[in-house]
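Undergrad: Please see the structure below; I have some questions.
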Amino acid sequence: MLGLEWFSKWTSFKWCLLFSVLSVLVYGVAGMMCAVVTWFRTWQNADVMYVADTDILVLITLASSILVVAALTGLAGTLLSSRPILAIYALLLWPSLISMAAIGYTAYKRATLALDHKLDMSWSQYYTPLGRLLIQNSLMCCGWSSPGHEGTPSRSCYPRTPLPGCKGPLTRFEQMNLQLVWSTVFSLVFMHLVNIVVVMLCANHVTKTFGSGITPKRYRLTANEVRENAGRVLKVTEKTGGLNVQVVGGISRPRIVRVPTSRAFREDKEERMGLLDEYLDKVGQDSRCRVRDRQRG
């Protein structure tokens, strides 16, 4: 039904491919869930990542979407034993690998190269008042280095508030969050490379019919063997009277079949040829008479 086979008929390559596809589906769905709960800001400090790491959040969403689509494609190709679908699955694994590498590189570069200076510039130039307010409410801080330094006024943030500045809490959160992101992604990249190798090795062996109908290599004829066989055939035919072909202009054509020596055949042929000549003479005379009549008229 639907091209599915019994599990007992599955090859070991198909089982390996199935587990590989399921692993891609697992970390693709996990990344999608993390992206969704962050976009909807349903976990603590999700507002901070939403404001400070929007680009990384977009990359996570993109990579997870590609992984889920690729995994569903691979699962369909594996269950249906369809090599064309598995080829599409193998192709989709490469853009997902690139997107995962982009996530890890961006997070690692931001976390290890002058993070405090980047956050300082982002707070003063890139974050909107609403973004600063979201960070202040999430981290329970006010302003950047102090409550009076570029803070967004609110019920908990005012000049004489006891809350500290957001520089320290935001820097610590970013270091922890970015390290978690790039370490997780880089560990999954290795697994993803293994999955690419698995699909390249196993995609053509999802059934036992791969290679059936192909002549084994030891039974295939080479050009030299074909020439040798042709020479043998020519020698045999020369001994038996030659082949019934003639070469005209470099092209082999069949010779005219020899007329049988039967007397009955010759008499019958001569009789038919005589009747044909009489008919042609009569037709020629009639045509000449018609021409003369037209000229006289």
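The values are calculated or read from the model by the stated rules, or taken from the named source; none is laboratory data. Everything quoted here is computed from the prediction, not taken from an experiment. So basically every Cβ, Gly included, is an ideal-geometry build from the backbone, and we count neighbours across all protein chains shown.
Undergrad: Looking at the stretch 183-199, which of the residues that are among the β-branched types (Val, Ile, Thr) and within 20 Å of the chain's Cα centre (by Cα) is farthest from Phe19 (Cα to Cα)?
TA: Of everything passing the filter in the stretch 183-199, Val189 is farthest from Phe19 (Cα to Cα).
Undergrad: Any residue that is farther than 17 Å from Phe19 by Cβ and either touching a His at 6+ places or on another chain (Cβ under 6 Å) or free of Cβ contacts under 8 Å to residues at least 60 places away in the same chain (or both) - is there at least one of those in the stretch 48-55?
TA: yes
Undergrad: Now, a different point. Check the stretch 107-130 and report whether any residue there is of a type in the set (A, V, I, L, M, F, W, C), within 42 Å of the chain's Cα centre (by Cα) and on the phi > 0 side of the Ramachandran plot.
TA: Checked against the condition, which is being of a type in the set (A, V, I, L, M, F, W, C), within 42 Å of the chain's Cα centre (by Cα) and on the phi > 0 side of the Ramachandran plot, the stretch 107-130 yields at least one hit.
Undergrad: Give me the pairs, please: first residue somewhere in the stretch 74-87 and crowded, with 17+ Cβ neighbours inside 10 Å and in a helix (DSSP H, G or I), second residue anywhere and among the aromatic types (Phe, Trp, Tyr) and at pLDDT below 90, beta-carbon distance under 7 Å, and either six or more positions apart or on two chains.
TA: none
Undergrad: Taking the residues in the stretch 127-151 that are polar (S, T, N, Q) and buried (at least 20 other Cβ atoms within 10 Å of the Cβ) as candidates, determine which candidate is farthest from Gln44 (Cα to Cα).
TA: Checked the stretch 127-151; the qualifying residue farthest from Gln44 (Cα to Cα) is Gln136.
Undergrad: Something else: Could you grab me the full set of residues in the stretch 142-177 that are closer than 22 Å to Ile56 by Cβ and free of Cβ contacts under 8 Å to residues at least 40 places away in the same chain?
TA: Trp144, Gly168, Pro169, Arg172, Met176
Undergrad: Out of all the residues in the stretch 116-126, is one or more in a loop (DSSP other than H, G, I, E, B) and surrounded by fewer than 14 Cβ atoms within 10 Å (Cβ to Cβ)?
TA: No; the residues of the stretch 116-126 include none that is in a loop (DSSP other than H, G, I, E, B) and surrounded by fewer than 14 Cβ atoms within 10 Å (Cβ to Cβ).
Undergrad: Something else now. Which residue pairs have Cβ atoms closer than 8 Å, lie 6 or more positions apart in sequence or on different chains, and pair a first residue in the stretch 185-197 that is touching a residue at least 40 places away in the same chain (Cβ under 8 Å) and closer than 17 Å to Ser64 by Cβ with a second residue that is aromatic (Phe, Trp, Tyr) and surrounded by 13 or more Cβ atoms within 10 Å (Cβ to Cβ)?
TA: So the pair list comes out as Phe186/Tyr108; Leu188/Tyr27; Met191/Tyr27.
Undergrad: Exactly one condition in (1) surrounded by fewer than 16 Cβ atoms within 10 Å (Cβ to Cβ); (2) hydrophobic (A, V, I, L, M, F, W, C); (3) assigned to a helix (DSSP H, G or I) is false for Trp43; which is it?
TA: Unmet condition: (3).
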